[in-house]
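The values are calculated or read from the model by the stated rules, or taken from the named source; none is laboratory data. For clarity, every value in this text was computed on a predicted model and none was experimentally measured. Cβ placement follows ideal geometry from the backbone for every residue including glycine, while neighbour counts extend to all protein chains displayed.
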Amino acid sequence: MNILRLDFSGRIYFRKLPMIASCYFIMASLMLLFAAPPVGAIDTDITRKTLSGLQGVYVVVEELQPNLMKYSAAQKSGLSSEGLKRDIEGRLSKAGIRVLTWDQAVKTPGLPFLYINVNTHESEKYWYAYDIRIELQQLVSMEANPKVKAVGGTWSTNMTGMVNIGTMDKLKEAVEVLLDRFIGAFRAANPKR
C-alpha cells in the first residue's frame with residue numbers, strides 16, 4: 001500500500017507501507033466508518049433563511065438502484081421509491097408542512113421541492129455502502145443577472161454508512177433522521193406554523 005507523505009522540507013513523496021501496517025490502516029479506517037455514520041450538512045443560519053416563507057414542498061424521491069432492489073430483503077423491509085415518498089409526505093403533513101402536488105408546486109413561488117436520493121453501492125455480496133441526501137431545491141436568481149433563474153439546492157443534509165442484507169431497515173431509519181432535521185430547520189425558519 002502506498003501512502004502520500006509530506007516531510008518537513010515541503011517535499012511530497014510516496015512511501016511503501018509494510019503489509020502489516022497496511023492491514024492496521026485498513027482496520028482503523030473500517031472502525032471509523034462503522035463507529036458512527038458521518039453526516040454532512042448544509043444547515044446553517046443562512047441556508048435556513050432560504051426555507052422562510054415557503055408555502056410547502058413537492059416531494060421527489062429518486063428511484064432506488066437495482067443493485068439494492070434485487071434482494072427480497074429490501075422489498076420485505078418496505079424499501080421502494082413509492083413507499084419512501086408516501087412515508088415522507090405523511091411525516092411532513094403530520095409536522096404541519098404542506099405537501100404540494102405537482103400542479104400546486106408549479107404555481108407556487110420558487111417551485112420548492114424536497115429531493116431525496118438513497119444512493120447505494122454493493123461493496124461485496126450482501127453489504128452496501130450508502131449515501132442518503134435530502135435537499136430542498138427551488139428557483140434562485142443569479143446576482144449578476146437577476147433575470148436568469150435556475151433550480152438550486154438551498155438547504156441539504158446527508159448521511160453515509162454501511163448496511164447488510166439483514167439491516168436494510170437502517171436505510172429507512174436514516175431517511176427518517178434526515179427528514180427530522182429538515183422538519184426542524186423548516187420549523188425554525190417558519191416559527192408561526
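Here is how the numbers come out for the structure above:
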{"quantity": "Enumeration of residues in the stretch 75-122 that are of a type in the set (A, V, I, L, M) and not in a helix (DSSP H, G or I)", "calculated": "Leu79, Ala95, Ile97, Val99, Leu100, Leu111, Leu114, Ile116, Val118"}
{"quantity": "Meets criteria (crowded, with 18+ Cβ neighbours inside 10 Å, aliphatic (A, V, I, L, M), over 20 Å from Arg86 (Cα atoms) and assigned by TED's automatic domain parsing to the domain that holds Tyr58) for Val118", "calculated": "no"}
{"quantity": "Residue match in the stretch 42-65 (condition: in a helix (DSSP H, G or I), at pLDDT below 95 and surrounded by 15 or more Cβ atoms within 10 Å (Cβ to Cβ))", "calculated": "yes"}
{"quantity": "Restricting the stretch 137-158 to residues that are under 24 Å from the mean Cα position of the chain (by Cα) and among the hydroxyl-bearing types (Ser, Thr, Tyr), the residue that is farthest from Arg181 (Cα to Cα)", "calculated": "Thr154"}
{"quantity": "Residue that is assigned by TED's automatic domain parsing to the domain that holds Leu54, surrounded by fewer than 16 Cβ atoms within 10 Å (Cβ to Cβ) and under 18 Å from Lys49 (Cβ atoms), where the choices are Gly166, Gly110, Gly184", "calculated": "Gly184"}
{"quantity": "Index of the failed condition, Leu100 passing every other in (1) surrounded by fewer than 19 Cβ atoms within 10 Å (Cβ to Cβ); (2) within 26 Å of Leu171 (Cα to Cα); (3) at pLDDT 95 or above", "calculated": "(1)"}
{"quantity": "Restricting the stretch 123-147 to residues that are outside any loop (DSSP other than H, G, I, E, B) and of a type in the set (Ser, Thr, Tyr), the residue that is nearest to Ala174 (Cα to Cα)", "calculated": "Tyr130"}
